[in-house]
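Values in this text are rule-based calculations from the coordinates and carry no lab data. Note that the structure is a prediction, hence the values are computed from the model and not measured. Note that we place each Cβ from the backbone using ideal geometry, even for glycine, and neighbour counts take in every protein chain shown.
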Ligand SMILES: [Mn+2]
């Protein structure tokens, strides 16, 4: 199985991330931020990437460092597990509805980090969770995973639904992109020969 384990410790957070790309979406995520755990569970479940994440962070300040740093560590884990990217489909996209929310995610495991984010939430908070942290997470994931990532909320009136649809859409797109292409399982999917 293509897998990776990343541990990352700073003055702000202490994180471990274990993933298996060829999994079944088994997850056990405990970050100290309840809503974020719920989102990471969706990411694992719908990407079919097995995922175990632990984070002890300075949530007495706010959730920012924990969410951002888990994004960094998960991005590093994805990059490591993908290795030279031989045989992968590379691209993935998903148009995902969740009640009022409709979110489109398109991504390229290009090695070139780029985030286009057009998914503003109508409220500042979901429970105690700052909605602006959803973008922070995907920015960190894109940067450290080497992922070109476009996320557009085409519709939505409920912040919980928009955020959850974004995580599910990215999960579905990731599932497609990391999967092995049986028609070209021995080649790196680039005319440059490297990603
Ligand atoms: Mn939910």
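In the elastic network of the chain, a GNM with C-alpha springs shorter than 10 Å, the most mobile of 41, 62, 22 is 62. Relative to the current alpha-carbon distance between residue 118 and residue 9, full extension at 0.36 nm per residue lengthens the span by 36.1 nm. Quick check: from the Cα gyration tensor, does segment 66-176 come out rounded (a/c under 1.5), prolate or oblate? Judged from the Cα gyration tensor, segment 66-176 comes out oblate (a/c at least 1.5, b/c at or above a/b).
Write down the percent of antiparallel bridges among all DSSP beta bridges whose residues are both part of segment 3-178, to the nearest 5.
On the way: 32 of 41 bridges.
Beta bridges within segment 3-178, antiparallel portion: roughly 80 percent.
For segment 3-178, what's the relative contact order in percent, using C-alpha pairs closer than 8 Å and at least 6 residues apart? Taking the mean separation of contacting Cα pairs over the length of segment 3-178, I get 27 percent. Using only Cα atoms, find the angle between the long axis of helix 132-145 and the longest principal axis of the chain, and express it within 0 to 90 degrees, rounded to the nearest 10. On a 0 to 90 degree scale, this one is about 20.
Among 55, 94, sorting on how many other beta-carbon atoms sit within 10 Å of each Cβ, with the fewest leading, yields 94, 55.
Per-residue Cβ neighbour counts within 10 Å put 95, 40 in the sequence 95, 40, beginning with the fewest. Each listed q (0.11 Å⁻¹) maps to a log10 I(q)/I(0) for the chain from the Debye sum over equal C-alpha point scatterers, namely -0.45.
Within segment 13-90, what percent of beta bridges assigned by DSSP are antiparallel, to the nearest 5?
On the way: 8 of 12 bridges.
Once the DSSP bridges in segment 13-90 are tallied, antiparallel ones form about 65 percent.
By the count of neighbouring beta-carbon atoms within 10 Å, fewest first, 3, 190 end up ordered 190, 3. Whole Å is fine, so just give me how far the alpha carbon centre of segment 138-166 lies from that of segment 23-73. For segment 138-166 versus segment 23-73, the Cα centre distance is 15 Å.
Rg over Rh for segment 27-83 works out to 0.97, using Cα positions for both radii and the Kirkwood form for Rh.
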